[in-house]
Amino acid sequence: MSYFTGLRCVHCGRTYNTNEVEYFCSACGYHDGILDVVYDYEAIKREVNPLALAQNADYSMWRYLPLLPVADASLLPHLQVGWTPLYDAPRLADELGVARCWVKDEGRNPTASFKDRASAMGVVKALEKKASKITCASTGNAASSLAGFAAAAQIPAAIFVPANAPAAKVAQLLVFGAQVFAVQGTYDQAWELCMQASAEFGWYNRNCAVNPYLIEGKKTVSLELGEQFMRLTPGSFPDWVVVSVGDGCTIGGVWKGLREMHILGFIPRLPRILGVQADGCRPFLTAWRDHSTLVPCEAHTLADSIAVGHPRNFSKGMSAVTESGGAFVSVSDEEILQSIPMLARKAGVFGEPAGVAGAAGVKRAVELGVIGGSESVAIIMTGNGLKDIQSAMRAVGRTIQVRPDIREVREAVAVELTA
Ligand SMILES: *Cc1c(COP(=O)(O)O)cnc(C)c1O
């Protein structure tokens, strides 16, 4: 069973029953993802502990059901989300200049990104609320993920993406049968349009910065980290958890999940959080560095999944770094591109630009002295590389063109041997 007791506004502190409000705090009127789902952790401790989990045969995000706001477990979608692999990556650790490095491969989720954890949660809530249609705006992955989960749950989906979203992500949308609005504008404009349409047509809103339940899905990555490290390195946990940042929902969810695993005794000591942005779009970094409020900016980066000039979950995203004593760093598009083959060659994991940005960020943080050479890091690799092969191809060499003749292969090999 679930133990969620209500919703609390992180801005003004007011609490609500779950059916009192839908998306926003009606008292303070703030619109940036400020409602937080509240649980009875004392009761949860009896069900979620190392011994009980060791006997739980459900290796998906739903193994943490008591920590999720699900009223009716019969509505869970059949797709397998979560319990993604956690790889020890010593050669990557050497390359990045840290003592140890693990990579959690979120590209292994059903639609190949981290967003599936949120979408899975979103369709459960949409079904609970008997929604006629579900909608979101997305740089690509939240969209393709929602399309997949809407198909699984048999709910129609209307999706708003910027017209320049990578082709593979758009293909996913159309294949899963979503109604796709390719907005001739930025992600921020697609967002506004989606919000208007949701209000006008009464569609259920899957936007993670609006719908308070979505972050609960995202936090499951950290619940897994807590349990996986308890098995792998009992009694210790990495010094840093690293994730790339667009709207701020992912990093916010990561932090919430870590705090919960700390409360439940899985994590001995809370890690610091490193939030990684692109040089051409770093509103979180700027506000954090200047101790200022959010100043939206234009987004200039090829890492489409974090090309968010106006982050919609600013407060939760910022809290993850400030409360954990962590840091924000930014990396250039060139560094992001270089990290695609680096992660693939040093750890065997192929990520999309925003997926590998975390690794690039660790390198930068080590150079800046933010992360020490004796520290350990867990990098959340948020999206699969096949999502955006155009970017990947920019970072790698060429094929060797040969006729179907062994002599040409010999020649090429000889050249390689003398090189
Ligand atoms: C969405 C996304 C992010 C960033 O998540 P936010 O919640 O927008 O901060 C990072 N990487 C990938 C691959 C994503 O799809």
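At-a-glance table
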| item | result |
| --- | --- |
| Segment SER292-ARG91, length gained on full extension (0.36 nm per residue, minus Cα span) | 68.5 nm |
| Accessible-area composition of the stretch 130-262, carbon plus sulfur, in percent [1.4 Å probe] | 56 |
| Sparse-neighbourhood loop sites, GluC sites (Glu not before Pro) in the stretch 1-80 - DSSP loop, at most 13 other Cβ within 10 angstrom | GLU20 |
| Which of ARG117, ARG269, ARG403 is most accessible, then next, and so on - probe 1.4 Å | ARG403, ARG269, ARG117 |
| Largest-first ordering by accessible area, 1.4 Å probe, given options HIS291, HIS310, HIS11 | HIS291, HIS11, HIS310 |
| Highest to lowest packing among 282-290, 165-173, 134-142, 237-245, scored as the average C-beta count within 10 Å | 134-142, 237-245, 165-173, 282-290 |
| Most to least accessible of PHE114, PHE201 (protein chains only, probe 1.4 Å) | PHE201, PHE114 |
| Length-normalised contact order for the chain - Cα pairs under 8 Å, 6+ apart - percent | 17 |
| Net charge of Cβ neighbours under 12 Å - reference THR111; Lys, Arg +1; Asp, Glu -1 | +3 |
| Pairs of Cα atoms farther than 18 Å apart, the stretch 1-129, % | 66 |
| Proportion of all alpha-carbon pairs of the chain beyond 37 Å (%) | 20 |
| Charge tally in the Cβ shell below 14 Å around GLU227, where Lys, Arg are +1 and Asp, Glu are -1, GLU227 excluded | 0 |
| Solvent-accessible surface (1.4 angstrom probe) belonging to ARG14, in square angstrom, nearest 10 | 110 |
| Whole-percent pair-distance distribution, where bins are 5 Å wide, for the alpha carbons of the stretch 164-284 | 2, 10, 14, 16, 17, 14, 11, 9, 6, 2, 0 |
| Antiparallel DSSP beta bridges within the chain, percent to nearest 5 | 30 |
| Cys residues of the chain counted as unpaired, since no other Cys beta-carbon is under 4.7 Å | CYS101, CYS136, CYS194, CYS281, CYS297 |
| Cα long-axis angle, helix 406-418 against the chain (0 to 90 degrees, to the nearest 10) | 90 |
| Gained length - GLN196 relative to THR399, 0.36 nm times residue gap less alpha-carbon distance | 68.4 nm |
| Violating pairs (Cα-Cα greater than 21 angstrom) within the set LYS219/LYS363; LYS218/LYS316; LYS115/LYS256; LYS115/LYS387; LYS169/LYS219; LYS45/LYS104 | LYS219/LYS363; LYS169/LYS219; LYS45/LYS104 |
| Environment charge of PRO162, counting only residues whose C-beta is closer than 10 Å and scoring Lys/Arg +1, Asp/Glu -1 | -2 |
| 21 Å tail of the calculated P(r), the stretch 305-389, as % of Cα pairs | 34 |
| Rg(Cα) / (2.2 N^0.38 Å) computed for the stretch 262-419, rounded to two decimals | 1.31 |
| Accessible area per residue in Å² at 1.4 Å probe, computed on the chain | 41 |
| Between the stretch 143-219 and the stretch 379-409, the alpha-carbon center distance in angstrom | 30 |
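The values are calculated or read from the model by the stated rules, or taken from the named source; none is laboratory data. For clarity, every value in this text was computed on a predicted model and none was experimentally measured. Positions of Cβ are generated from backbone atoms using ideal geometry, with glycine treated the same way; all protein chains shown enter the neighbour counts. With ligands, DNA and RNA removed, areas are computed over all heavy atoms of the protein, side chains included. Shrake-Rupley method; radii C 1.70, N 1.55, O 1.52, S 1.80 Å.
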